[in-house]
Amino acid sequence: MKIILPDTMPLAPELPEGWEAVTVDARAEIPAEHHDAAALVVWGPSRRHLASAARDLQDLRLIQSLSAGIDAIEAAGFGDQVRIATGAGLHSKTVSEHALALLLALVRRLPEAADAQRRHTWDRALGGVQELHPEGRVTTLIGARVLVWGFGQIGQHLAPILAALGAEVRGVARSAGERAGFPVIAESAIGAELGETDVLINILPATEQTRHAVDADVLAALPDRALLINVGRGDTVDQVALKAALESGGIGGAGLDVTSPEPLPAEDPLWDAPNLIITPHGAGGRPVGADERIARNLAAFVAGQELISPAR
């Protein structure tokens, strides 16, 4: 039996007896000599690669994505006989790091410090004696009220880090309750919470239901000191409304690792919005524990057992 690995990262999973691994170009069609593969690992594929897999791999029964999102895989049109497992959890540590970096950069005014450094200016407004909680600005996570919208594995990994820095953290999900020791409010009740929120962290996936979830109404409901961080998907934020909110002072700042579209065109006016940090979708990109996930799910597939993070 054969499993196809992508060339987009070094992989060496432990395979069940009787299985062999081959590595192919993840941006090209799959060579004919590998059309007999029963399993496929997907990481950074091109549409051409996925289209070839859906069309040519007639014996395919398992796809292991190393991404949490599988939008492109589902769009490629694989048959119902193909089981799909997501890479949920493989990016929790790195995305949490990036979300925290964006947030702390805004809280500690690092873009302003970098600008002062470029001007060779010792900006006394950024240092020296400071208020802990000045009116109209979030300058510390101590006592900050943080909402994490999309409280899955990444959110649950990030929450205790924020709490350790003094933040009061709550999750937002489809249903209320408690997860990983943190209170979770239902999405339907988020409107009542936004007015007292200092930081809104968006880790929502891209679906029809989440498109522009962070819209003009959500932004207007936030205090003008509030910060928005998006490490979910770009389409979940109305970028026109975000730019307007930043320009009007309706919110205090934002950090985006994702945009719509990607790459963000050079002429897009979002680039010039004030108090905004944009990074080029760099939060993930390095799945942690990929070999172990591939090995465990391949073994589960062979044994007819439940997969880790199955999509179908």
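Details
- As a rough footprinting exposure proxy, the listed residues Thr197, Thr207 were ranked by other beta carbons within 10 Å of their own, and the order from fewest upward is Thr207, Thr197.
- In units of the compact-protein estimate 2.2 N^0.38 Å, the stretch 92-278 shows a Cα radius of gyration of 1.00.
- Euclidean distance of C-alpha centroids, the stretch 140-171 and the stretch 1-57, integer Å: 38
- Order by protection proxy (mean Cβ within 10 Å, highest first), peptides 218-226, 272-280: 218-226, 272-280
- Ascending count of other beta-carbon atoms within 10 Å, so fewest first, for Trp122, Trp43, Trp149: Trp122, Trp43, Trp149
- The stretch 188-233 and the stretch 71-107: distance between their alpha carbon centers, rounded to Å: 19
- Beta bridges from DSSP with both residues in the stretch 92-278: antiparallel share about 10 percent, rounded to the nearest 5.
- Virtual spin-label span in nm between Ala51 and Leu104, 7 Å along Cα→Cβ: 4.4
- Acute angle (nearest 10 degrees) that the helix 92-107 long axis makes with the longest principal axis of the chain, alpha-carbon atoms: 20
- Loop-located GluC sites (Glu not before Pro) in the stretch 44-152 (DSSP state not H, G, I, E or B) with no more than 13 neighbouring Cβ atoms inside 10 Å: Glu131, Glu135.
- Residues Val42, Val22, sorted so that the one with the fewest Cβ neighbours within 10 Å comes first: Val22, Val42
- ³J(HN,Hα) computed for each position of the stretch 60-74 - Karplus, 6.51 cos²θ - 1.76 cosθ + 1.60, integer Hz, glycine/proline x: 5, 10, 9, 10, 10, 7, 9, 9, 6, x, 10, 3, 5, 5, 5
- Choice from Gly128, Gly150, Gly249 with maximal GNM fluctuation in the chain (Cα, 10 Å cutoff): Gly128
- Interchain or long-range residues, amide H under 5 Å from Phe151's placed H: Val172
- The chain - mean residue ellipticity at 222 nm from DSSP helices (-39,500 (n - 2.57) per run, n ≥ 4, rounded to 500): -8000 deg cm²/dmol
- C-alpha long axis of helix 47-56 to longest principal axis of the chain, angle in °: 30
Every read-out reported here was derived from the displayed coordinates using simple, explicitly stated rules and does not represent laboratory data. Model, not experiment: these values are computed from the prediction. Cβ sites come from the backbone with ideal geometry, for glycine too, and all protein chains shown count toward neighbours.
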